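The values are calculated or read from the model by the stated rules, or taken from the named source; none is laboratory data. What you are looking at is a predicted structure, and each value in this text was computed from that prediction instead of being measured. Don't worry about glycine lacking a Cβ; one is built from the backbone with ideal geometry, like all the others, and counts go over all protein chains shown.
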Amino acid sequence: MQRTLVEVTAILLVGSAGCNSVDTKECHGKMAAAQNVVNAVESNSVESINRSIGAIQSAEAACKRAGRESEVKELTQAKERFEGHRVLLEERNARKQQRESLTPAQLEKLLREGDPNCPKGQGYLNKASNKEIRCTGVQPAEMNWEQAKKYFGARNFRSVATGEANRLTLESGAERYVYHYAENDSTNPARCIVIYPKPGISWQEAVARNTGVPPEKLKDGGTVALAQGKLPLTVDEKNEVARIGDCPK
């Protein structure tokens, strides 16, 4: 598994000189063991993720007994990130199972009306029937806080803690999306979305994928029609960064 799922390399900390108590040695020993488990984790396996969570919890308990606050903090953060990824993976697996075990009536309805749980303009193949299901749901740029977190999480993006209020930052490698909401956990769409496209993908294609607007209709200084209304689109073409909406300077 790629370590970008969680920044787990930070959990293995070196004890300061002179901190050689039995409890501290156990703390660091458990951390080293947890690091080995984490390094071998399979990001698409709930069982593998659970093993990592268990190893981290064991190290966390040992470090609490040793009074190692900084180590406990790092371990707790790593555990929470794994737990968050587990929830997203379980939800994705449940959706997949549901899609592949549809009744004839449910399949007929999806074929007729489309699937509201994925963005309009996209689609997927139902393996059981070998038929294409079109998507009719909201675009990623129209999603509220929880919807965006689940949508990108199911695609192995991680939520990055930036310490900035009202911002949801999601990234996978060099690809990044920053949602600016009116408040944390907002149930309304973002008022600004900043898109850092995946290398090799143009800003037009990246914006199109997240708004449903054809690439040829997008231009720097233009607008994008979304559920929030017509939002301005500005582009830093040198750095391939697109901003949709009322974005901070």
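Remarks
- Residue that is in contact with an Asp or Glu (Cβ under 9 Å, 6 or more places away or on another chain) and among the basic types (Lys, Arg), where the choices are ARG209, ARG243: ARG243
- Extreme residue, surrounded by the most Cβ atoms within 10 Å (Cβ to Cβ), among residues of the stretch 41-62 that are in a loop (DSSP other than H, G, I, E, B) and of a type outside the set (Ser, Thr, Tyr): VAL41
- Flag if ARG134 is among the basic types (Lys, Arg) and without any contact (Cβ under 8 Å) to a residue 24 or more places away in the chain: yes
- Any hit, the stretch 135-157, residues being under 13 Å from the mean Cα position of the chain (by Cα), at pLDDT below 85 and crowded, with 19+ Cβ neighbours inside 10 Å: yes
- Subset tally (residues that are under 19 Å from the mean Cα position of the chain (by Cα), at pLDDT 90 or above and either outside any helix (DSSP H, G or I) or surrounded by fewer than 19 Cβ atoms within 10 Å (Cβ to Cβ) (or both)) for the stretch 1-40: 0
- Candidates ALA148, ALA161, ALA78, ALA128: the one that is of a type in the set (A, V, I, L, M) and in the same structural domain as VAL38 (by TED's automatic domain parsing) is ALA78.
- Of the residues making up the stretch 207-220, at least one is within 26 Å of SER43 (Cα to Cα) and either at pLDDT 95 or above or not acidic (Asp, Glu) (or both).
- Flag if SER159 is assigned to a helix (DSSP H, G or I) and of a type in the set (S, T, N, Q): no
- When we screen LEU107, LEU125, LEU88, LEU75 for residues that are surrounded by 15 or more Cβ atoms within 10 Å (Cβ to Cβ) and either without any contact (Cβ under 8 Å) to a residue 60 or more places away in the chain or β-branched (Val, Ile, Thr) (or both), the only hit is LEU107.
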